[in-house]
Structure formats: C-alpha cells, structure tokens
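Down below is the structure, laid out as structure tokens.
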Amino acid sequence: MKLRHILLASTCTAALALGGCASNPSRAQVGTGVGAVVGGVAGHAIFGGPVGTIGGAAAGALIGHEIGEDRDQRRYRRR
C-alpha cells in the first residue's frame with residue numbers, strides 16, 4: 001500500500017512538473033523567479049536569519065515581477 005502511494009505521488013508530481021513546461025514563461029514570470037532568488041540571497045546577507053531571507057525574497061519577487069511585466073508590455077507595444 002505504501003509503495004502505491006509513493007508511485008501515485010511521483011506520477012502526479014511529474015505530471016505537474018511537465019505541465020509547467022508546456023509553454024515559454026513570460027518575462028514577468030522569469031522576473032519573479034529571479035527576483036525572489038536574488039532578493040532572498042541579499043536579504044540573508046544583509047539581515048541574516050529566516051526573516052531577512054523571506055522578506056528579501058518577497059521584495060525581490062515583487063520588484064522582479066514589476067520589471068518583467070513592464071518589459072512584456074513594451075514588447076507587445078512594438079508589434
């Protein structure tokens with residue numbers, strides 16, 4: 001029974017992971033991910049501890065998303 005649950009969980013995880021790769025991410029999505037990583041590293045380096053890391057990641061994700069969204073809108077205006 002336990003093997004059956006592990007197999008089912010692995011199959012669902014693989015299906016969701018592959019479904020996320022079905023299309024190219026927008027610049028806003030890429031900006032959110034990159035901003036979260038950079039912000040988390042910077043927050044940990046500046047403030048230290050989990051609160052600094054989480055706060056930095058949240059701020060970085062927000063800033064990265066806004067920059068990426070602005071670039072997405074500029075790309076559509078040029079067409």
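Coordinate-derived values only; no laboratory data. Quantities reported herein were computed from a predicted structural model and do not represent experimental measurements. Glycine gets a Cβ as well: all are built from the backbone with ideal geometry, and neighbour counts include every protein chain shown.
Selection of the stretch 35-56 for residues being among the aliphatic types (A, V, I, L, M) and within 18 Å of residue 25 (Cβ to Cβ) yields 36, 37, 38. Among the residues of the stretch 20-79, those that are exposed (fewer than 13 other Cβ atoms within 10 Å of the Cβ) and of a type outside the set (Gly, Ala, Ser) comprise 21, 24, 46, 50, 51, 73, 74, 75, 76, 77, 78, 79. Checking every residue in the stretch 36-53 against the condition of being in contact with a His (Cβ under 7 Å, 6 or more places away or on another chain) and part of a helix (DSSP H, G or I) gives at least one match.
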